[in-house]
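Below you'll find the structure, written out as structure tokens, and then a few comments.
The values are calculated or read from the model by the stated rules, or taken from the named source; none is laboratory data. Given the structure is predicted, the values throughout are model-derived calculations rather than measurements. All Cβ positions, even for glycine, are placed from backbone atoms using ideal geometry, and neighbour counts span all protein chains on display. Just so you know, the surface numbers come from the protein's heavy atoms only, side chains and all, with ligands and any DNA or RNA stripped out. Shrake-Rupley method; radii C 1.70, N 1.55, O 1.52, S 1.80 Å.
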Amino acid sequence: QVQLVESGGGLVQAGGSLRLSCATSGSIFSIGNMDWYRLAPGKQRELVAVITSGGSTNYADAVKGRFTISRDNAKNTVFLQMNSLKPEDTAVYYCHVLVRGRYYWGQGTQVTVSS
């Protein structure tokens, strides 16, 4: 069994920063891609950032230059550093992790950016 536990969400003013974490535990032999998605009210789920097992990254255009995804392979943890936050970044953020050929989802963490 694989568990993903997210932390780091909260309320922040526009222009502020937050750092999300997602720790993976359980029956893990290797972890592939680690992603962050977000879901805002009235909108479709959006892929925010991806990091491969080799450390390559990719970002949605809306967050390029403001968000940074990283991973600590020793701790099976993925991070999302979010800077220069905007009200339109308000959403529930989910980590999404590939473990032994299957994707798992975190429980989600709320990020609210006030104007």
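Let me have the relative contact order for the chain, percent, based on Cα pairs under 8 Å that are six or more residues apart. Could the numbers behind the result be given before it?
Details: 280 pairs, mean separation 41.7, N = 115.
Over the chain, the number comes to 36 percent.
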Could you work out what % of the accessible surface of the stretch 16-71 is carbon and sulfur, using a 1.4 angstrom probe and leaving DNA, RNA and ligands out of the count?
47
With the other protein chains left in place, how much accessible area per residue, in square angstrom, belongs to the chain at a 1.4 angstrom probe?
52
Check which residues have an amide H placed less than 5 Å from GLY16's amide H, if you skip close sequence neighbours.
LEU85
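Over the stretch 53-98, what lengths in whole Å, largest first, do the semi-axes of the equivalent ellipsoid take, defined as the square roots of 5 times the eigenvalues of the alpha-carbon gyration tensor? Could the numbers behind the result be given before it?
Working: eigenvalues 88, 29, 18 Å².
After scaling each eigenvalue by five and taking roots: 21, 12, 10 Å.
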For ASN33, residues with placed amide H under 5 Å, excluding near neighbours:
SER53, LEU98
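Quick one: dipole size for the chain, taken about the Cα centre, charges +1 on Lys/Arg Cβ and -1 on Asp/Glu Cβ, in debye to the nearest 20. Write out the running numbers ahead of the final one.
Details: 11 positive and 7 negative charges, 25 e Å.
In debye, rounded to 20, the chain gives about 120.
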Out of the stretch 72-115, which trypsin sites (Lys or Arg not before Pro) are coil in DSSP terms and have no more than 15 other C-beta atoms within 10 Å?
LYS75, ARG100
